[in-house]
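Heads up: the structure comes next, in structure tokens.
Values in this text are rule-based calculations from the coordinates and carry no lab data. As the structure is a prediction and not an experimental result, all values here were calculated from the model. Because the Cβ atoms are built from the backbone with ideal geometry, glycine has one as well, and the counts that use them run over all protein chains shown.
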Amino acid sequence: MALNPNSMLVVYNATPGTVSDATDALAQGDDQGKQLVTPYAAPANRWTYAAAASGIVNTTTAVTIKAAAAAGLRNYITDIQINTATLGAATELAIRDGAAGTVLWRCQLQTVALPLLSVNFQSPLKGTAATLLEVVTITATVTGAVYFNAQGFVAP
């Protein structure tokens with residue numbers, strides 16, 4: 001990309017490349033010329049995952065929440081929301097980096113129904129480059145469902 005030396009703002013409609021250490025960088029903007037000051041990433045690089053209509057029910061099968069990003073890019077998670085119906089057994093809920101990969105975050109869900117719980121990762125969870133993210137109940141719930149939603153972004 002050729003830069004106009006008089007430009008104060010660079011417009012990106014896709015994931016920009018990385019900037020080398022100790023290199024000057026211009027402010028980023030949208031295609032309307034507005035400077036981007038959103039946390040973490042440009043709107044085009046954000047993603048969301050919504051729970052399935054029936055939730056995760058009595059299984060230990062992992063669910064992909066974000067497909068692998070392109071080479072050199074990582075998936076990050078900024079926020080999650082969890083709620084449950086009454087469960088037949090306590091279960092561990094985990095977010096993993098890669099298929100059956102490293103656990104990035106986990107909690108234990110009790111049998112009592114959980115009202116909507118929101119978690120904000122002020123320091124986003126960072127996946128490995130070009131690797132999917134998944135959520136899994138480590139033990140089956142027996143009865144009841146777990147509802148899991150996530151939001152994040154893609155960046156180097």
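Quick notes on this one:
- Segments 50-59, 111-120, 124-133 sorted - mean Cβ within 10 Å per residue, highest first: 124-133, 50-59, 111-120
- Across region 60-71, coupling constants 3J(HN,Hα) worked out from phi with the 6.51/-1.76/1.60 Karplus curve, θ = phi - 60°, read 10, 7, 5, 10, 6, 9, 8, 5, 4, 7, 5, 3 Hz, and Gly and Pro carry x.
- Between A67 and T48, the modelled label-to-label distance comes to 1.9 nm, taking each label 7 Å out from Cα in the direction of the beta carbon.
- For T139, distant residues with modelled amide H under 5 Å away: E92
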